[in-house]
């Protein structure tokens, strides 16, 4: 378990992402004009520059696009977990939708619990949330059962 973990700063643009994540739902923005799905949250669509969007639930399924193993930890709060992985995952809803999180086993808080040699590019994963605080759950990735 990581104590004193640094959490992302909350802003108005991404507020609903965090609200829905607190309910274990993964969402991305969808442009109301052209339908483009996008992440990370931003005010304007990168395709048509529309400022109108809605939040769309996604499956949470994806595959490992890339990963690194952190030695030593980049932040002191992660020292006990080192070495640990950080994975970039492409969502099933679109290869341009890439989200970052740790690949975890059964305990979503144990980011160092996966053998680095067992991780492979292209392997399927599913989103889960680690409720490290009452306001900010962190996205993690788990292998399908």
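Read the figures in this text as sums done on the coordinates, not as results from a lab. Note that the coordinates shown come from a computational prediction; the quantities given were computed from them, not determined experimentally. Positions of Cβ are backbone-derived with ideal geometry, glycine not excepted, and every protein chain shown enters the neighbour counts.
Could you give the alpha-carbon Rg of region 10-57 over 2.2 N^0.38 Å, rounded to two decimals?
Working: Rg = 10.3 Å, N = 48, 2.2 N^0.38 = 9.6 Å.
Rg over 2.2 N^0.38 Å, computed on Cα atoms: 1.08.
Its DSSP H runs of at least 4 residues, each contributing -39,500 (n - 2.57), put the calculated 222 nm mean residue ellipticity of the chain at -1500 deg cm²/dmol, to the nearest 500.
Taking each residue as 0.36 nm, the span from residue 115 to residue 145 lengthens on full extension beyond its C-alpha to C-alpha distance by 9.1 nm. A simple spin-label model places the labels of residue 135 and residue 82 2.9 nm from each other, with each point 7 Å out along Cα-to-Cβ. Between the alpha-carbon centres of region 77-101 and region 106-145 there is a gap of 8 Å. When only Cα pairs below 8 angstrom with a gap of at least 6 residues are kept, region 9-145 shows a relative contact order of 21 percent. For the chain, the calculated P(r) over all alpha carbon pairs, in 10 Å bins from 0 to the bin holding the longest distance, is 12, 39, 35, 12, 2 percent.
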